1. Listed residues B:H374, B:H358; which is closer than 27 Å to A:H31 by Cα, of a type outside the set (A, V, I, L, M) and within 22 Å of the chain's Cα centre (by Cα)?
2. When you look at A:R139, is it within 21 Å of A:E241 (Cα to Cα), touching a residue at least 12 places away in the same chain (Cβ under 8 Å) and among the basic types (K, R), yes or no?
3. Step by step: first the residues of region B:345-371, then only those that are open to solvent by 30 Å² or more (accessible area, probe 1.4 Å) and hydrophobic (A, V, I, L, M, F, W, C), then the one that is farthest from the other protein chains (Cβ to nearest Cβ). Which residue is that?
4. Inspect region B:15-24 for any residue being surrounded by 19 or more Cβ atoms within 10 Å (Cβ to Cβ), under 20 Å from the mean Cα position of the chain (by Cα) and closer than 18 Å to B:M111 by Cα and give the result as yes or no.
5. Kindly indicate the residue of region A:259-282 that is open to solvent by 30 Å² or more (accessible area, probe 1.4 Å) and among the small types (G, A, S) and also modelled with the highest pLDDT among those meeting that condition.
6. Quick test of your reading of the structure: A:V318 fulfils all but one of (1) open to solvent by 10 Å² or more (accessible area, probe 1.4 Å); (2) under 30 Å from B:P36 (Cβ atoms). Name the failing condition by number.
7. Hey, can you tell me all the residues within region B:27-44 that are out of contact with any strand residue (DSSP E or B) (no Cβ under 6 Å at 6 or more places or on another chain) and in a helix (DSSP H, G or I)?
8. Being more than 13 Å from chain A (Cβ to nearest Cβ), within 17 Å of the chain's Cα centre (by Cα) and open to solvent by less than 10 Å² (accessible area, probe 1.4 Å) is the requirement here; does B:G62 meet it?
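The values are calculated or read from the model by the stated rules, or taken from the named source; none is laboratory data. Everything numeric here is computed off the predicted structure, so don't read it as measured data. Note: ideal-geometry Cβ built from the backbone for every residue, glycine included; neighbour counts use all protein chains shown. SASA here: full protein model, heavy atoms, side chains in, ligands and nucleic acids out. Shrake-Rupley method; radii C 1.70, N 1.55, O 1.52, S 1.80 Å.
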Number of protein chains: 2
Amino acid sequence: MPVGTAGTVKGMTQAQLEELGVQILLANTYHLYLRPGHEIIRELGGLHRFIGWPHPILTDSGGFQVMSLKSLGRVTEDGVWFKSHLDGSSHFLSPERAIEVQAALGADIIMTLDECVEYPSSHQALHRAVKLTGRWAGRAKEKLSALSSQLSKSEGARGWGLGTRETSLAAIKQSPEQGARCWGLGAREIPLAASTQPIASETKPRGQSPITNHPSPIPGLSLFGILQGGVDKDLRRESAEGLLELDFDGYAIGGLSVGEPKAEMYEVAQYTAQLLPRHRPRYLMGVGTPEDLVECVARGIDMFDCVMPTRNARNGCVFTSQGKVIIKNTRYARDESPLDPACECPVCRRYSRSYIRHLLVAGEMLGAILTTQHNLHFYIDRMRKIRQSLLFGVFAEFHSRVCAEP
Amino acid sequence: MPVGTAGTVKGMTQAQLEELGVQILLANTYHLYLRPGHEIIRELGGLHRFIGWPHPILTDSGGFQVMSLKSLGRVTEDGVWFKSHLDGSSHFLSPERAIEVQAALGADIIMTLDECVEYPSSHQALHRAVKLTGRWAGRAKEKLSALSSQLSKSEGARGWGLGTRETSLAAIKQSPEQGARCWGLGAREIPLAASTQPIASETKPRGQSPITNHPSPIPGLSLFGILQGGVDKDLRRESAEGLLELDFDGYAIGGLSVGEPKAEMYEVAQYTAQLLPRHRPRYLMGVGTPEDLVECVARGIDMFDCVMPTRNARNGCVFTSQGKVIIKNTRYARDESPLDPACECPVCRRYSRSYIRHLLVAGEMLGAILTTQHNLHFYIDRMRKIRQSLLFGVFAEFHSRVCAEP
C-alpha cells in the first residue's frame, strides 16, 4: 500500500496511481483528523469521494503517529492525549474515538488504536503495551458494534461516508478468487520454514473464501486488530491470543520496523505470522525495503505499507534491478540511460538519469514526481511478481533469485 | 506556449502536457545555460531528447532574464555581462553566443538577443535599445549563417542537437494547412480594426505556405527577431523597419507587458502587429491573461508565452469560465463542485474544490499539480477555441462573447 498521509500520495495524481496498478491506499487518520477534519470529509461523502479514489483505502488508527511525536503525546488507560503538530492544540484519541473518526472517513479497512512502543523498551513497557492494546482492541470492537446498530437504526451507512464507492472491497470479497488475489491469501503454499501451529483452530474449511464469514458488523468495512510485543516472542504470543479471542477481519503486526535489527524483525514477523489464522490477512505495518517484501511474504505476511518508495524518491534515492541509485550523484550528469534499464515504467520509457538528476538538483517538482512514479512502480511490480510466483507455485525460486540480487 | 523554464513545466509530466494538447513549449536559454549547461544538453542529443519532448520547442535568448535580474547585469555594445543567480559567477552573452547556445540546445525556434528595457524608460533609453537590438539582430543572423556553413562542412546538424526529433517543426511546415493551424496564420481574416499598411510589401502570394520560403539557413530551425520600442509608436516602427530589412522567420514583440497600462499594451501590440508581414508568425512575448489572448489575436498576434497559468496555479489562483478563483479561500472548504463546472479537463472531472483547497493548505505537491493542469487546460482550450472560431469565420462573435465574461 502506498502511503497517502494527508489523502494524497505525495506528487502522484490518482490517475497515475491507477496506471501503476495500485489496488489500495493507506491514509493517516491522525493527519486527516487534524486537517481538513474528519467531519468535513464525512459531510463530503467520505474519503473515497473526497480524494477521488474509487478503490479500497485502509486508514491507520493514529497510534503510530502519536508514538512518532512522542514528546507531544501522553498515554492513559482511556486513550491518548496528544498535541497537534500543526498548532499545538490538545486532542484526545480513545479506542472508541479512533473507530468513530475512521468510520467518518469511510475507509474499507480500519485499525484498532494501539500503543506502539519504541525500540528498545523494557519488558515492563512492552508488556503494558500488549495488555493495554488488547483492552483497547476489545473496546474498538464494541464501539464498531454500537456504531453498526446506530447506523442501521438511523442515518444509514451513507451518512458516514461508507458504501459510497463504486468498487467496494465488499464486491471484491464476494469473488473468492479475486479476493485471494487481492490479498495474496490462499495462494501462499510454500512456507519458508516449518510453521508452529496457529493458535486459532482452523475450523473453517480451507479453500473457502476467507471473507464470506468476516466478523465486522458493517458490510464492506473490515476491522483489523494490531499486535504489539516488540521482539519478545512470549509477549507476541500473548498479544495474539488476546486478539484472536476477539476475532478480527485481519491482524496487523505493529511495533516492528521501529529500529530493531533486521534479523530480529524477520524472526519475530515469522513467529507472529504463524500464530495467526491462515484465512485472515496478516499485515506487517511500516515495512519495508523491496527485499523485506519478499522475505516477509516468505515468512507468512500478506500486506505491507511503507513510506520508503515515496520518501526515498523525493530524496533522490531510486530502487532498481541493480540496487539503489542515488540519482543526484555527479556521475549521472551525462548518463543517458533510464533509472533502471530493466524497468518498463512510464518514467524509464521516456526520461534519462541525466534529466532526472537535473530536475532534482534544480529543485523542480518533476524530479520528485518521476522518482516517485518509478519507485512505486518498482514496489507494485515486486508485489505483482510475488503474487504471480505464488499462483504458479514458483515462489521459492523467485525468493532465491531476489536474494541473489545486489 | 507553456513556460518550461528549466526544461520542465513546473509540476507537469510531458505525458500530461501531451494529453492537454500542448503543441510547443518555451524553454529559457538563460536558465539552461547556467544549469545543467548547454554543452551537456548538446552532448545528450539536444533539448528535445534531454527532456523527452518530441514536439516543437522555442527558446528565448536570455535578454528578458538579464533585464529581470537587472542588478546582476550590464549591457555593452558587444553584449551583456551578467552574474549567475545561482552562484554569482560572471558570464557574457553576445548575440553570437546566444545563437550558439540555442543551436546547441537544438530548439525549433530560436530568438535573437535583445535589450529589453523596463517601463517606464526615457525616450533615449528606448531608442538606444531599439538601435542596439537591431544591430544585435543583424549579428545574430550572420552568426546563424556562419553556423550553417560550419555545420554542413563538419559535424552536421545532429552534432548540435538539431534534427533529432521525430516530429520536427519542418515536417509541420511542409503541410501548409497544418502549418497554418499550428500558427493560427492564414486563418485570421477578421482584423478588429482597419489596419495601417504593413511596411513589408506583400510580394509573396497570399495562400502560399508562409513557411516554404523561410530565410533561416538551417532546415527545421527558425530564427525570430525581437522588436523593442516600449510604448512609443515611432520607435516601434523604426524597430520593425530594421528587422524587416534583415528578414526573419518570425517577429516577436518584446518590451511589452513590463508594467505599462493594459490599454497601451493593446494599442502598441496592434500598431506593431500591423507593421509586420502577414505571412510570418507574430509573437507577443510574456502575454498574458486569458482575455489578453483573445484581445491580442484580434489585434494581429499569433503566438504567446506566459508564466501566468502555471505560476498563478502554484499560488492557488485558478482560471475558470466564471473568472478567477482563489481556491485557498475558506469558502471552498466544503465546496464539492469542480474548479470550473463548465470545464472538461481531467482535474475537473475527478476532484472537488474542497480537496484541492485541502492539498494547497497542507502544502501537498498534488495541489500545485492539479491547479497547473487545470490552468494549462484553460489556456490551451482558449487558444483552440480562438483558432476554431477563426477557421469557421466566427471570431468576432467569439471575441464579443469572451469580452462579456466576468
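1. Values: B:H358 fails: within 22 Å of the chain's Cα centre (by Cα).
When all the criteria are applied, what remains is B:H374.
2. yes
3. Ranking the qualifying residues of region B:345-371, first place goes to B:V361.
4. yes
5. The selected residue is A:A263.
6. Among (1) open to solvent by 10 Å² or more (accessible area, probe 1.4 Å); (2) under 30 Å from B:P36 (Cβ atoms), the lone unmet condition for A:V318 is (1).
7. B:Y30, B:H31, B:L32, B:Y33, B:L34, B:H38, B:E39, B:I40, B:I41, B:R42, B:E43
8. Yes; evaluated as a whole, the condition is true for this residue.
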